[in-house]
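What follows is a single structure, written as structure tokens, with notes after it.
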Amino acid sequence: TGIKCGGVLSAPSGNFSSPNFPGLYPYETECTWLIVVAEGSSVLLSFSHFELEYHDACAYDYLQVYNGAARDRGNLLGTFCGHSPPPPFSSAWHVMAVVFRSDRHVAKHGFAAAYRKDACGGQLTGLSGEITSPRYPETYPNDAECRWIIGGAGGTGPLTLVFADFQMEGGQGCGFDYVALFDGPTVTAPRLGRYCGSTRPPRTVSSTPHLLIIFKSDFNIGGRGFKAHFYSAGECQEVFTAIKGNFSSPQYPSFYPNNLKCQWSIHLPPGYRVKVFFLDMELEGRSSLTGGCDYDHLSAFDGGSENGSLLGQWCGRESLAPVTSHSNQLLLVLHTDRNTAKRGFSIAYVGVVPMNVSCTRTDFHIQIPVQSLAQLERNRIYLGTPSCAARVVGRNFKIHTRFDTCGTESQRRNNTSVIVSTLYVDFSVGDQEDIHQYEVQCEPKKKEASVTLIAGPDPSRLSQAENLVDSQQWEGEAMDAREIKSQDTSDIVFISICILAGLLMVIAVVGLVLL
């Protein structure tokens, strides 16, 4: 169309507007403004006028704001049209992009916008992010006042705010310099706290999808200030305590946002281990320079924090084997950088019941710590049929049964004779059926046993049974060896026959010598 618009804006502050503003903007126009300020600074963008053609989905004329380079869906802060101006936006780094597009019908007066760098405060709409006081970690300026409104842009869950560093002027009642938190977008919302001094504020969780943070300093005595992280609970930070569950990356299967640090913590009763199944995963790929997951990546830690042992770190598009924790807690952390978002991941997990399974040539021996299934009666744990329920012996549920009972059958697998049965652990509540099934297998000649989950978190999605417990490596209490020996009747008979044959041979030899 010959209309000149857009460009790179690199001054510390400035203004820009749609073509012909305040007149009608031209048809079939597309403009991109890239705002780039000094490294380490942020950008505050605001709109003084806004009037575009309206559509429910902004499919005709629209304006898009990106937290970084344009056209990366992970950076998109919002798409706007109609007469309601976008809220003020504060970038997470020193680059922000604005895209304006018009179609071939219905022109309006367009928009006028202004930006400036190193501004404090603004509207933060991401699922997670970081907030710092002005000039952090240097001393913050005197007579400063900043307001951050977190939330909006489709967020519906509560917000969590965690302070990583905090040092401000103290004083009784925090009447000089302070940070105040409100459970909503305005100061009329309930106040969640007012903090000063050098003690970090406690972890704060809002009850609404918005959180207002106010930082204020007086005319003298400053400090290092603060650094805080926020998370949108429900999509970016969740804690699971159920025996099984599913979760996915934010906005899955659509592209996840950039600049995320999300955490999913699985915390099960003592004795359990956590097994994670990767149903789908597509993240930004490995670095071509290092071959590592230097950009977007998902990490798993054994325990409840990132100080635990790293169980694995993944990126790209891979088909991953399940991962099992060594304790009853597992933490998954998703990091995304400033560009190149992908579809994300979908995960299912199940709590693995800790058990010791062993066998002789004639019997199965199964032992499960009572503390791991403390909520269940013994008749909820049975082998083959409910009549073969567990007994409570000391601190364990125990099942001891011969191969010719409890639905046990003989099969040939890989040209080897094995004895197979099914162990049921019934977690059902009311009308909600929830029965975990484990295949128990014994190779009598070697007296080797194993157990495999065959129905757990979601059988329709977990098509392959996973070997969950190696009875030879179980970390719980070992089965009493003398008990097993006393109950292995086939071995006793075999040894008795051998001894009797030896005695008869000795008697025969002695008789020949005497003759």
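Taken together, the values in this text are just the output of simple stated rules run on the coordinates, not laboratory data. Only a predicted model underlies this, so the values are computations on that prediction, with no experimental measurement involved. No Cβ is skipped: glycine too gets one built from the backbone with ideal geometry, and neighbour counts run over all protein chains shown.
Need the full-extension length gain, Glu318 to Asp294, defined as separation in residues times 0.36 nm minus the C-alpha distance. One decimal, nm.
Length difference between fully extended and current span is 7.1 nm.
Residues with beta-carbon under 13 Å from that of Ile150, excluding Ile150: net charge, scoring Lys, Arg +1 and Asp, Glu -1?
Once all neighbours under 13 Å are counted, the net charge is -1.
For the chain, calculate the relative contact order in percent as a whole number, restricting contacts to Cα pairs under 8 Å that are 6 or more residues apart.
10 percent
Give me the dipole magnitude in Debye, nearest 20, for region 6-118 about the Cα centre, with unit charges on the beta carbon: positive for Lys and Arg, negative for Asp and Glu.
160 debye
Quick check for me: using +1 on Lys/Arg Cβ and -1 on Asp/Glu Cβ, what's the dipole size of the chain about its Cα centre, in debye to the nearest 20?
380 debye
With unit charges on the beta carbon (Lys/Arg positive, Asp/Glu negative), name the residue among Met281, Pro88, Thr188 whose Cα is farthest towards the positive pole of the charge dipole of the chain.
Farthest towards the positive pole: Met281.
Based on a Kirkwood Rh over C-alpha pairs, give the Stokes-Einstein translational diffusion coefficient of region 17-72 at 37 °C and viscosity 0.692 mPa s in µm²/s.
240 µm²/s
Once you charge only the Cβ atoms, +1 for Lys and Arg and -1 for Asp and Glu, what is the size of the charge dipole of region 129-236 about its Cα centre, to the nearest 20 debye?
180 debye
Take the Cα atoms of the chain, find their three principal axes, and give me the spread along each one in whole Å, biggest first.
Per principal axis, max minus min of the Cα coordinates gives 130, 61, 51 Å.
Just name one of His365, Tyr272, Asn220: the one whose Cα is farthest towards the positive end of the charge dipole of the chain (beta-carbon charges, Lys/Arg +1, Asp/Glu -1).
After comparing all options, I get His365.
So how long is each side of region 123-232 along the principal axes, counting just the alpha-carbon atoms, biggest first, in Å?
Cα extents, longest axis first: 40, 25, 22 Å.
Hey, rough spin-label estimate for Glu30 and Asp103, points 7 angstrom out along Cα→Cβ, what's it come to in nanometres?
The answer from the label model is 1.5 nm.
How large is the helix-only mean residue ellipticity at 222 nm for the chain, computed as the sum of -39500 (n - 2.57) over DSSP H runs with n ≥ 4, divided by its residue count, in deg cm²/dmol to the nearest 500?
-2000 deg cm²/dmol
So what's the projected area for region 237-352, the Cα convex hull averaged over all directions, in nm²?
Mean shadow area of the hull around the Cα atoms is 6.7 nm².
Using a cut-off of under 20 Å, list every residue of region 156-188 whose amide N is near the label point 7 Å from the Cα of Phe219 along the Cα-to-beta-carbon line.
The answer is 169-172, 174-178.
Averaging the inverse of every distinct alpha carbon separation and then flipping it gives the Kirkwood radius. What is it for region 187-300, in angstrom units?
18.4 Å
Can you tell me the relative contact order of region 236-278? Whole percent, Cα pairs under 8 Å, sequence separation 6 or more.
RCO, region 236-278: 52 percent.
Evaluate the distance, in nm, between pseudo-label points positioned 7 Å from the Cα of Val420 and of Ala38 along their respective Cα→Cβ axes.
7.1 nm
Among rounded, prolate and oblate, which fits region 356-465 when a ≥ b ≥ c are the square roots of the eigenvalues of its C-alpha gyration tensor, a/c under 1.5 means rounded, and a/b larger than b/c means prolate?
Oblate shape, in that a/c is at least 1.5 and b/c is the bigger or equal ratio.
Where in region 302-372 are there trypsin sites (Lys or Arg not before Pro) that are in a DSSP coil and have at most 15 other Cβ atoms within 10 angstrom of their Cβ?
In loop regions of region 302-372 (DSSP not H, G, I, E or B), the sparsely surrounded trypsin sites (Lys or Arg not before Pro) are Arg317.
Restricting to bridges with both residues inside the chain, how much of the DSSP beta-bridge set is antiparallel, in percent to the nearest 5?
Counting only bridges with both partners in the chain, antiparallel ones make up about 90 percent.
Give the angle, between 0 and 90 degrees and rounded to the nearest 10, that separates the Cα long axis of helix 489-514 from the longest principal axis of the Cα atoms of the chain.
Long axis of 489-514 versus the principal axis of the chain: about 30 degrees.
Please give me the summed charge of the neighbours of Cys81: other residues whose Cβ is under 12 Å from its Cβ, Lys and Arg +1, Asp and Glu -1.
-3
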